[in-house]
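Heads up: the structure comes next, in structure tokens.
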Amino acid sequence: MFGVALPFISFILLLGLAISPKAVLAHGSVTPDADLCIIRIGYYRAHFKIYLPQTRGHKEYCEDIPATGTATFVMEYEHSGLGSVPIDFRVIRNVTGKGVFTILEDVDQISNLDDVTVFHYPATIQPDVFTYLYPFDEQGEFVGIVTVQDADTGEMYTAVFPFRVGFAGIPIWVWFIVVAVGLQLNFLWMNGSFARWRKQLSARGGVGAAHA
């Protein structure tokens, strides 16, 4: 019984890894925080969101966007200091092969960012809120790179966030349901419920055949 149940256990472990905090937070420097997405650039923090105003109105996205079109990137400063430092914003094609697990070290290994750059918004001060519009005309995997320089120390801070255009994704609640069902099936198998049900069905079939 244990040998047969091992595939169930392996299945659950794999799903657990798929929805673990590491996987949920795999999008680099942008992480979910309550109902908001937070981007961390060194010690600076901002609320991060993307809009597709022409096709999706006021619907907010946290990185991945489901369709092509003009995307509006917005950072609402949680750290007031962001309003007084130049913010450099670049988006590149994701050529790292790491997908949503791309981190800064992977980007640093790209020999020439200009060769894979989709757009580059040079360092500029936006006092109240950072916004930038870009018309994505193709689906694909990309990496956003946000760089700021500390006004006092001159130290550079960089945040990267991989994202996909034209990808709706599977809601995480679906994975929780799959895991819950898998755990229940594994429990029923391990405690012998399936074996008992099979015997009961066999017994009923035998009784029916005898009466016939």
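Filter the stretch 124-137 for residues that are within 12 Å of residue 84 (Cα to Cα) and surrounded by 13 or more Cβ atoms within 10 Å (Cβ to Cβ); which is nearest to the chain's Cα centre (by Cα)?
Filtering the stretch 124-137 for residues that are within 12 Å of residue 84 (Cα to Cα) and surrounded by 13 or more Cβ atoms within 10 Å (Cβ to Cβ), the one nearest to the chain's Cα centre (by Cα) comes out as 130.
Answer yes or no as to whether residue 99 is under 21 Å from residue 51 (Cα atoms), assigned by TED's automatic domain parsing to the domain that holds residue 158 and of a type outside the set (S, T, N, Q).
no
Among what's in the stretch 141-155 and is at pLDDT below 95 and surrounded by 12 or more Cβ atoms within 10 Å (Cβ to Cβ), pick the residue that is nearest to residue 90 (Cα to Cα).
Across the stretch 141-155, the extreme among qualifying residues is 149.
Report, by residue number, each residue of the stretch 87-111 that is over 22 Å from residue 157 (Cβ atoms) and exposed (fewer than 14 other Cβ atoms within 10 Å of the Cβ).
Across the stretch 87-111, the qualifying residues are 97, 99, 111.
Within the bounds of the stretch 72-85, is there any residue that is of a type in the set (D, E, K, R) and touching a Pro at 6+ places or on another chain (Cβ under 8 Å)? Step through it out loud before you land on a result.
At the first step, the residues of the stretch 72-85 found to be of a type in the set (D, E, K, R) are 76, 78.
Checking which are touching a Pro at 6+ places or on another chain (Cβ under 8 Å) leaves us with none.
Scanning the stretch 72-85, I find no residue that is of a type in the set (D, E, K, R) and touching a Pro at 6+ places or on another chain (Cβ under 8 Å), so the answer is no.
This table checks each residue for (1) within 23 Å of the chain's Cα centre (by Cα); (2) at pLDDT below 95.
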residue	(1), (2)
106	yes, no
167	yes, yes
201	no, yes
211	no, yes
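The values are calculated or read from the model by the stated rules, or taken from the named source; none is laboratory data. Note that the structure is a prediction, hence the values are computed from the model and not measured. Please note: Cβ atoms are built from the backbone with ideal geometry, for glycine as well, and neighbour counts cover all protein chains shown.
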